[in-house]
């Protein structure tokens with residue numbers, strides 16, 4: 001029931017629109033000309049290393065930081081100059097920022113009371129939210145009596161109880177231990193499905209981003225590097241930064257020795273490959289590029305492999321992880337390469353120090369221009 | 001234990017010395033309170049309970065009550081005046097503003113009580129700064145008495161207590177999680193609501209301890225009520241002084257001292273009780 005009510009709140013095309021927003025602190029560009037439309041009901045993740053501007057951007061949407069340039073629209077209204085308390089956003093802080101002098105009920109009720117709901121309305125909405133966040137029976141508890149996971153749920157409940165126009169999550173899982181974090185990820189997904197709230201999630205954890213998001217916005221040095229759905233982002237990174245930041249990847253130097261309108265041929269060390277040309281590939285013959293190969297796309301060569309796709313390396317280490325093994329090899333002219341194979345057979349087959357013949361899954365090789373970004 | 005903390009015993013020596021001497025002094029005060037006063041002599045007579053019966057007179061009740069009221073008023077106004085200063089001290093964005101506030105707030109601590117009190121006499125007197133200013137502004141045509149009044153005493157006591165209050169409050173304010181204030185604003189609270197419903201409650205421990213410390217401290221104030229009150233405003237210490245060093249009735253002075261001590265301890269215990277309940281209520285309401 002709650003689900004329908006909440007999803008019906010907005011039918012606008014774009015719930016949040018960030019328009020050419022910049023923020024400078026002195027000479028430092030924390031956020032540099034960022035534009036990002038977010039659809040109603042979408043779960044968007046701002047992903048990047050610390051200092052990339054993702055938190056600054058979130059704080060500008062909430063109204064805690066004023067942009068130096070650009071505009072922010074929420075629900076179709078320009079809120080750039082609207083103070084925090086009139087923006088109708090719901091934020092979950094990294095520190096949770098629960099009110100320690102209030103119990104669970106009063107924490108969740110805080111936003112509703114500011115909105116002058118009647119006492120019975122407040123009680124109804126609070127109990128509804130508390131039930132949805134699986135906190136029933138804890139209304140009277142003090143914050144200090146709650147576990148980390150429960151505090152996290154109260155913080156979420158407090159933010160969604162007001163049915164905000166946009167839910168802002170500032171690294172909410174980073175304070176939890178690993179198993180709790182996995183569990184909270186599931187609960188976040190459920191919460192998002194139940195409420196249909198437009199959500200902006202900030203994290204530096206690419207795993208969280210991949211598993212939670214409808215779309216991921218990768219940021220670095222104050223600029224958007226790529227906006228894409230998780231699968232697209234993983235398999236088609238727009239540049240070297242995105243390729244290296246999302247998942248593990250081998251970045252290898254490659255030389256193009258033949259290029260036509262339809263195909264290009266290149267050499268990655270001793271490996272030679274020919275791939276159908278993609279429209280975004282602008283390189284010509286003789287150019288150096290970067291070939292990106294994910295560890296799961298490297299394997300032991302078999303007799304079926306063509307000689308041009310086989311290269312010999314020396315095994316440096318095996319890291320056995322139960323379901324799979326990460327093997328590091330050194331290949332002359334290419335440097336170290338990581339290979340990920342299922343199970344642990346490889347540990348016995350090619351012991352450390354022994355030579356191993358490996359091959360690439362050539363259809364999965366990603367080619368990008370050879371520049372820092 | 002001595003092996004783990006090799007200097008443990010040696011380090012305790014100064015503290016033990018101070019404690020022993022203090023206990024001996026307190027014991028003497030206690031002893032004197034049970035000894036007979038011999039008029040015209042510093043010597044004392046034998047055991048008596050007469051000193052304790054003598055205290056059962058309205059004048060001493062009034063002095064005690066007055067001390068309570070003046071201490072309470074001092075703590076209250078010191079709190080009221082110090083909170084904004086502490087707040088600005090912690091929250092000011094410009095470094096120089098903070099530095100100026102720290103210097104202004106803390107330097108009075110390095111001025112002797114007598115010097116400060118004497119300055120207040122110059123300010124509060126009938127030809128003092130306040131009266132002269134008010135007269136030249138035409139607010140009043142005759143000097144208003146501030147010296148030798150409770151108001152004057154409280155003004156000086158408040159200023160005397162403020163540095164300590166400011167330090168205690170500033171510590172409390174600097175320790176609160178500012179995300180709580182941001183969260184409240186984010187949930188729709190106006191800056192005013194954030195202050196009264198989040199900032200103040202979160203700094204309540206500092207507010208309470210500041211209040212209690214200043215209250216207890218002012219209970220034993222001596223030179224400020226002595227000089228500004230000029231004998232017209234008596235706090236318990238001034239009566240102890242009168243009995244002990246004007247009438248040389250040391251036994252009765254000892255009794256008054258004990259009464260003052262237990263009154264202070266009693267009121268601190270009472271406040272502790274009240275604040276414990278208050279804190280609990282705030283946490284469960």
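A simple spin-label model places pseudo-atoms 7 Å from Cα toward Cβ; at residue B:143 and residue A:255 they are separated by 10.2 nm. Look at the alpha carbon pairs under 8 Å that are at least 6 residues apart: their mean separation over the length of chain A gives a relative contact order of 15 percent.
Going by average Cβ neighbours within 10 Å, how do the peptides B:221-232, A:28-39 rank, with the highest at the top? Working shown, then result.
Details: B:221-232: 20.0, A:28-39: 17.9.
My ranking of the peptides, most packed first, is B:221-232, A:28-39.
Multiply the residue gap between residue B:192 and residue B:13 by 0.36 nm, knock off their C-alpha separation, and tell me the result in nm, one decimal place. Spell out each step's value before the answer.
Working: separation 179, 0.36 × 179 = 64.44 nm, distance 5.22 nm.
Gain in length upon complete extension: 59.2 nm.
Output the direction-averaged projected area (hull surface divided by four) of the convex hull of the alpha-carbon atoms of segment A:10-50, in nm². Write out the running numbers ahead of the final one.
Numbers: hull surface 14.6 nm².
Across all orientations, segment A:10-50 yields a mean hull projection of 3.6 nm².
For the protein assembly as shown, the Kirkwood hydrodynamic radius comes to 31.8 Å, computed from all pairs of different C-alpha atoms.
Peptide A:96-105 is shielded by partner chain Cβ atoms: per residue, an average of 6 of them sit within 10 Å of its Cβ.
Indicate the gyration tensor shape class of segment A:222-361 (rounded, prolate or oblate), computed on the Cα atoms with a ≥ b ≥ c the square roots of the eigenvalues: a/c under 1.5 is rounded; otherwise a/b larger than b/c is prolate and the rest oblate. Don't skip to the end; give the middle numbers.
Numbers: a/c = 2.17, a/b = 1.33, b/c = 1.63.
Oblate, since a/c reaches 1.5 and b/c is not below a/b.
For the residues of B:188-195, the average number of beta carbons from a partner chain within 10 Å of their own beta carbon is 5. Spin-label model, residue A:136 to residue A:323: label points 7 Å out along the Cα-to-beta-carbon direction sit 3.3 nm apart. For the pair segment B:150-174 / segment A:212-234, the C-alpha centres are spaced 55 Å from each other.
For chain B, the Kirkwood hydrodynamic radius comes to 22.3 Å, computed from all pairs of different C-alpha atoms. When the inverse distances between all different Cα atoms of segment B:81-205 are averaged and flipped, the Kirkwood radius reads 17.1 angstrom. Please determine, in degrees from 0 to 90 and to the nearest 10, the orientation of helix A:148-161 with respect to the longest principal axis defined by the Cα atoms of chain A, where the helix direction is its Cα long axis. Rounded to the nearest ten degrees, it is 60. Taking the C-alpha atoms only, the angle from helix B:150-175 to the longest principal axis of chain B is near 50 degrees.
Helix B:8-33 axis versus longest C-alpha principal axis of chain B: approximately 50°, rounded to the nearest ten. Once the chain from residue A:82 to residue A:28 is taken as fully extended at 0.36 nm per residue, the excess over their C-alpha distance is 17.0 nm.
Give the peptides A:221-233, B:126-138, B:71-83 in descending order of average Cβ contacts within 10 Å, highest first. Present the calculation step by step, with values, prior to reporting the outcome.
On the way: A:221-233: 18.4, B:126-138: 12.8, B:71-83: 21.1.
Output ranking for A:221-233, B:126-138, B:71-83: B:71-83, A:221-233, B:126-138.
Computing FRET efficiency as 1/(1 + (r/R0)^6) for residue B:42 and residue B:5, where r is the C-beta to C-beta distance and R0 is 45 Å, gives about 0.45. In this structure, residue A:277 and residue A:308 have a Cβ-Cβ separation that, at R0 = 25 Å, corresponds to a calculated FRET efficiency of about 0.85.
Listed by Cβ neighbour count within 10 Å, with the fewest neighbours leading, B:111, B:53, A:198 appear as B:53, B:111, A:198.
Once the piece of chain linking residue B:97 and residue B:80 is laid out straight, how much longer is it, given 0.36 nm per residue of separation minus the C-alpha distance between them?
Numbers: separation 17, 0.36 × 17 = 6.12 nm, distance 2.05 nm.
Net length gain for the segment: 4.1 nm.
Can you bin segment A:2-243 into rounded, prolate or oblate? Criterion: square roots of the alpha carbon gyration tensor eigenvalues sorted a ≥ b ≥ c, rounded for a/c under 1.5, prolate for a/b above b/c, oblate for the rest. In terms of gyration-tensor shape, prolate.
Per-residue shielding of A:108-118, expressed as the average number of other chain Cβ atoms within 10 Å of the residue Cβ, stands at 3.
Placing pseudo-labels 7 Å out from each Cα toward the beta carbon at residue B:129 and residue A:94 gives an inter-label distance of 4.7 nm.
Coordinate-derived values only; no laboratory data. As the structure is a prediction and not an experimental result, all values here were calculated from the model. As a convention, Cβ positions derive from the backbone with ideal geometry for all residues, glycine included, and neighbour counts pool all protein chains shown.
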